[in-house]
Amino acid sequence: MNREIHKWWSPRLNKDMEIAVYGHWGFPLLMFPTAGADYLEYERFYMIDVIKEYIEAGKVKVFSINSINSESWLNRRMHPRHKSIRHQQYNGYVSEEVVPFIWNHIGGRLPIITTGASLGALHGANMFFRRPDLFGGTLAMSGVYDLTEYSDGYMDEDVYFNSPIHYLSNLSDHGVLEQLRQSRHIHILSGSGAYEAPDASRKLSWLLSVKGISHELDIWGADMRHDWPTWRAMLPHYLATRF
């Protein structure tokens, strides 16, 4: 399996940011880390191993990026306003730096599917819902889609427009709604076991239904806890059956 590590200085984040690339061909899958983890987290926790057959077969080409969660929502010493500013800078890094890198790497503007687990699910889903002109869908595992869960209830414009539960409720832009409605790959997954929050996925699903956005809600059983074995079961199953 082809594996590459790239790094560049991000002017939006004012720091070096790494990205791991796996595979040689296939639709681009952009992975967002959980919590305060980094671009190699999915490799360390064997997620790349369990989807290796799809990577080697040229079905999917994986791009795993760094997070800055420890510099924003997970930084307890930081005022929520500064967290939201930093998060917006991260959005700019993804849309203005990572997306062009992916398109250049694959040689065209193929639809990018976002994915992630836990906090990575929120980031992946949020990027897609905000920018369906850049992303073709999302496969979100075990996420909570109300950003105030991470902002300790703090709300400002940047929190609002990065909290899918909030901004999707009032989304009325016909062009954006039509782009979201055209996606064939909106998959909202959750387990029902320890530390999972399936009602968060159900709430997002209800909201998407109200907006006429086709999607798939898939709640797995009580044996599926908020942990890597659950996500290592979910992602290869969906790559095999939905793509």
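The values are calculated or read from the model by the stated rules, or taken from the named source; none is laboratory data. Keep in mind it's a predicted model, so treat the numbers as computed, not measured. Quick reminder, even Gly has a Cβ in these numbers, built from the backbone with ideal geometry, and neighbours come from all protein chains shown.
Scanning for something surrounded by 18 or more Cβ atoms within 10 Å (Cβ to Cβ), touching a helix residue (DSSP H, G or I) at 6+ places or on another chain (Cβ under 7 Å) and small (Gly, Ala, Ser), does segment 33-46 turn up at least one residue?
No, segment 33-46 contains no residue that is surrounded by 18 or more Cβ atoms within 10 Å (Cβ to Cβ), touching a helix residue (DSSP H, G or I) at 6+ places or on another chain (Cβ under 7 Å) and small (Gly, Ala, Ser).
So, in segment 216-237, exactly how many residues are under 17 Å from the mean Cα position of the chain (by Cα) and crowded, with 20+ Cβ neighbours inside 10 Å?
Going through segment 216-237 one residue at a time, the tally reaches 4.
I need a count of the residues in segment 22-47 that are more than 16 Å from the chain's Cα centre (by Cα), of a type outside the set (D, E, K, R) and closer than 26 Å to Ser142 by Cα.
5
Does segment 143-159 contain at least one residue that is out of contact with any strand residue (DSSP E or B) (no Cβ under 7 Å at 6 or more places or on another chain), assigned to a loop (DSSP other than H, G, I, E, B) and within 23 Å of Ile102 (Cα to Cα)? Walk me through how you get there before you give the answer.
Applying the first criterion (out of contact with any strand residue (DSSP E or B) (no Cβ under 7 Å at 6 or more places or on another chain)) to segment 143-159 yields 143-159.
Imposing the further condition that a residue be assigned to a loop (DSSP other than H, G, I, E, B) reduces the set to 143-146, 150-156.
If we keep only those that are within 23 Å of Ile102 (Cα to Cα) too, we end up with none.
No: segment 143-159 contains no residue that is out of contact with any strand residue (DSSP E or B) (no Cβ under 7 Å at 6 or more places or on another chain), assigned to a loop (DSSP other than H, G, I, E, B) and within 23 Å of Ile102 (Cα to Cα).
With (1) at pLDDT below 95; (2) surrounded by fewer than 18 Cβ atoms within 10 Å (Cβ to Cβ) as the list, and Tyr150 as the residue in question, which single condition is left unmet?
(2)
Just to verify a result, which residue in segment 51-89, among those that are touching a Phe, Trp or Tyr at 6+ places or on another chain (Cβ under 6 Å) and assigned to a loop (DSSP other than H, G, I, E, B), is surrounded by the fewest Cβ atoms within 10 Å (Cβ to Cβ)?
Gly58
For segment 167-192, give me each residue that is of a type outside the set (S, T, N, Q) and touching a residue at least 40 places away in the same chain (Cβ under 8 Å).
Start the filter on segment 167-192 by keeping residues that are of a type outside the set (S, T, N, Q), which leaves 167-168, 171, 173-178, 180-181, 184-189, 191.
The answer is Leu168, Leu171, Val176, Leu180, Arg184, His185, Ile186, His187, Ile188, Leu189, Gly191.
Mind telling me which of the residues Gly124, Gly120, Gly92, Gly108 ends up being in a helix (DSSP H, G or I), among the small types (Gly, Ala, Ser) and farther than 27 Å from Arg232 by Cα? If you could, list the steps in order and put the result at the bottom.
Values: Gly124 fails: farther than 27 Å from Arg232 by Cα; Gly120 fails: farther than 27 Å from Arg232 by Cα; Gly108 fails: in a helix (DSSP H, G or I).
Residue meeting the stated conditions: Gly92.
Out of curiosity, is Trp25 in a loop (DSSP other than H, G, I, E, B) and surrounded by 22 or more Cβ atoms within 10 Å (Cβ to Cβ)? Explain how you work it out, then say what you get.
On the way: in a loop (DSSP other than H, G, I, E, B): yes; surrounded by 22 or more Cβ atoms within 10 Å (Cβ to Cβ): no.
No; evaluated as a whole, the condition is false for this residue.
With the requirement that a residue be small (Gly, Ala, Ser), surrounded by 13 or more Cβ atoms within 10 Å (Cβ to Cβ) and outside any helix (DSSP H, G or I), what does segment 170-213 give you? Steps first, please.
Going through segment 170-213, the residues small (Gly, Ala, Ser) turn out to be 172, 175, 183, 190-194, 197, 200-201, 205, 209, 212.
With the extra rule that they be surrounded by 13 or more Cβ atoms within 10 Å (Cβ to Cβ), the set shrinks to 183, 190-193, 197, 200-201, 205.
Result: Ser183, Ser190, Gly191, Ser192, Gly193, Ala197.
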